[in-house]
Amino acid sequence: QVQLVESGGGSVQAGDSLRLSCAVSGRTSSMGWFRQPLGKERECVAGISGRGSATYYADDVKGRFTISRDNAKNTVYLQMNSLKIEDTAVYYCAADPTRYSTVSSKSSEYQYWGQGTQVTVSS
């Protein structure tokens, strides 16, 4: 029903910026960005409601990452600034079809997932 395709990942140096994009096909809903470093559990880094009025950020990324969306282009973005080595992970976008005006930070609430895009930050 819902298809999500991430893009924009790559290898950068600490302090650099990167913007991830998620092309969404399907009904508009709240969306989230998650990441999973090697050997660690998946964690939510940011979320956004259907209209973009409500957002969520993990403490580790507040002030550095910005989530946004352009529904006319069916795209959700994650702008990542001042990247750190600790940000290295596979990043996934996900859709929560049960929410529109609010946003969840729990992976279990999201039913649709993209294939993931690798972000590698080196010193």
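The values are calculated or read from the model by the stated rules, or taken from the named source; none is laboratory data. In this text the structure is predicted, and so the values were computed from the model without any measurement. Cβ atoms come from the backbone with ideal geometry, glycine included; neighbour counts cover every protein chain shown. Surface accessibility is based on the protein's heavy atoms, side chains included, excluding ligands, DNA and RNA. Shrake-Rupley method; radii C 1.70, N 1.55, O 1.52, S 1.80 Å.
If you go through segment 23-40 and keep only what is polar (S, T, N, Q) and part of a strand (DSSP E or B), you end up with Ser25, Ser30, Gln36. Of all the residues in segment 79-107, those that are surrounded by 22 or more Cβ atoms within 10 Å (Cβ to Cβ) and assigned to a helix (DSSP H, G or I) number 1.
Looking only at residues of segment 1-22 that are in a strand (DSSP E or B) and open to solvent by 50 Å² or more (accessible area, probe 1.4 Å), we find that the one that is farthest from Gln115 (Cα to Cα) is Gln13. Of the residues making up segment 41-56, those that are within 20 Å of Val121 (Cα to Cα), of a type outside the set (Asp, Glu) and part of a strand (DSSP E or B) are Cys44, Val45, Ala46.
Filtering segment 3-58 down to residues that are charged (D, E, K, R) and more than 20 Å from Gln111 (Cα to Cα), which residue is nearest to the chain's Cα centre (by Cα)? Selected residue: Arg19.
Given the structure, is Ser68 within 11 Å of the chain's Cα centre (by Cα), at pLDDT 95 or above, surrounded by fewer than 17 Cβ atoms within 10 Å (Cβ to Cβ) and not in a loop (DSSP other than H, G, I, E, B)? Yes. The combined condition, being surrounded by 14 or more Cβ atoms within 10 Å (Cβ to Cβ) and touching a residue at least 40 places away in the same chain (Cβ under 8 Å), is not fulfilled by Arg51. Quick one: is Arg42 open to solvent by 50 Å² or more (accessible area, probe 1.4 Å), under 21 Å from Gly10 (Cβ atoms) and in contact (Cβ under 8 Å) with a residue 60 or more places away in the chain? Spelling it out, Arg42 is indeed open to solvent by 50 Å² or more (accessible area, probe 1.4 Å), under 21 Å from Gly10 (Cβ atoms) and in contact (Cβ under 8 Å) with a residue 60 or more places away in the chain.
Residues in segment 108-123 that are of a type outside the set (Phe, Trp, Tyr), in contact with a strand residue (DSSP E or B) (Cβ under 8 Å, 6 or more places away or on another chain) and more than 19 Å from Gly10 (Cα to Cα) were compared, and the one that is least open to solvent (accessible area, probe 1.4 Å) is Glu109.
Selection of segment 88-109 for residues being within 15 Å of Glu6 (Cβ to Cβ) and not aliphatic (A, V, I, L, M) yields Tyr91, Tyr92, Cys93.
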